[in-house]
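In what follows, a structure is listed as structure tokens, so that the remarks can point back to it.
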Amino acid sequence: MNKKVLFIIGILIILIGVATSAIAEDTRKVVTGQLNINEASGQDFSLLPGIGEKTSHRIVKYREELGGFKAIEQMKRIKGIGDAVFNKIREHLTTTGKSDLKVLMDINTATAPALRSLPGISEKDANAVIEYRKKNRGFKKIEEIKLAGIGKEKFEEIKDLITALEPLKTRP
């Protein structure tokens with residue numbers, strides 16, 4: 001193959017990667033509850049918006065060095081947690097009590113891969129949810145997912161993992 005063909009193939013691979021990550025980011029998520037930052041694992045921290053794997057690791061390491069957080073504001077001393085990120089997560093942080101943090105998936109924007117990540121949801125189920133959503137301009141409440149063919153048992157499994165945010169406005 002000549003250099004031009006290899007260059008074009010490389011560009012196509014990059015574009016496919018960008019499109020795939022953009023599709024995954026289309027799924028809106030809602031964070032509810034609080035996370036006890038003195039007991040949370042790195043994986044728990046990564047549920048917070050703006051906190052990735054590296055920052056999660058830094059939080060746990062810093063907490064160990066500190067011997068525990070006395071105030072949630074101490075999180076701002078960690079690389080990767082500036083004012084903007086801290087302000088996004090502040091309401092979900094506590095230094096005492098039990099963690100009850102949940103991340104809910106919006107069924108009005110969830111991509112097929114995101115829907116398939118829910119327990120018991122097959123590719124066929126995910127596609128049925130998306131089709132129903134398109135035909136009916138979204139879901140008003142989570143129980144409507146049953147109208148898309150999700151059975152009662154599957155609904156019971158996922159009801160604490162999903163939400164139905166107001167459908168996004170589409171451009172004319």
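Any read-out appearing in this document is the output of simple, stated calculations on the displayed coordinates, not a laboratory observation. Note that the coordinates shown come from a computational prediction; the quantities given were computed from them, not determined experimentally. Quick reminder, even Gly has a Cβ in these numbers, built from the backbone with ideal geometry, and neighbours come from all protein chains shown.
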**Prompt:** Does VAL103 qualify as being without any contact (Cβ under 8 Å) to a residue 60 or more places away in the chain and under 26 Å from GLU39 (Cα atoms)?
**Reply:** no
**Item:** Candidates GLU123, GLU131, GLU144 - the one that is loosely packed, with under 12 Cβ neighbours inside 10 Å, of a type in the set (Asp, Glu) and without any contact (Cβ under 8 Å) to a residue 60 or more places away in the chain
**Value:** GLU123
**Item:** Residues that are among the hydrophobic types (A, V, I, L, M, F, W, C) and under 19 Å from THR32 (Cβ atoms), drawn from the stretch 44-74
**Value:** PHE45, LEU47, LEU48, ILE51, ILE72
**Message:** Checking the structure you have, find out if any residue of the stretch 153-165 is over 30 Å from ILE37 (Cβ atoms), without any contact (Cβ under 8 Å) to a residue 12 or more places away in the chain and surrounded by fewer than 17 Cβ atoms within 10 Å (Cβ to Cβ).
**Reply:** yes
**Complete:** Scanning the stretch 117-126 for residues that are under 18 Å from ALA164 (Cβ atoms), of a type outside the set (A, V, I, L, M) and assigned to a helix (DSSP H, G or I) gives ASP125
**Prompt:** Are any residues in the stretch 36-93 in contact (Cβ under 8 Å) with a residue 24 or more places away in the chain and aromatic (Phe, Trp, Tyr), and if so, which ones?
**Reply:** PHE69
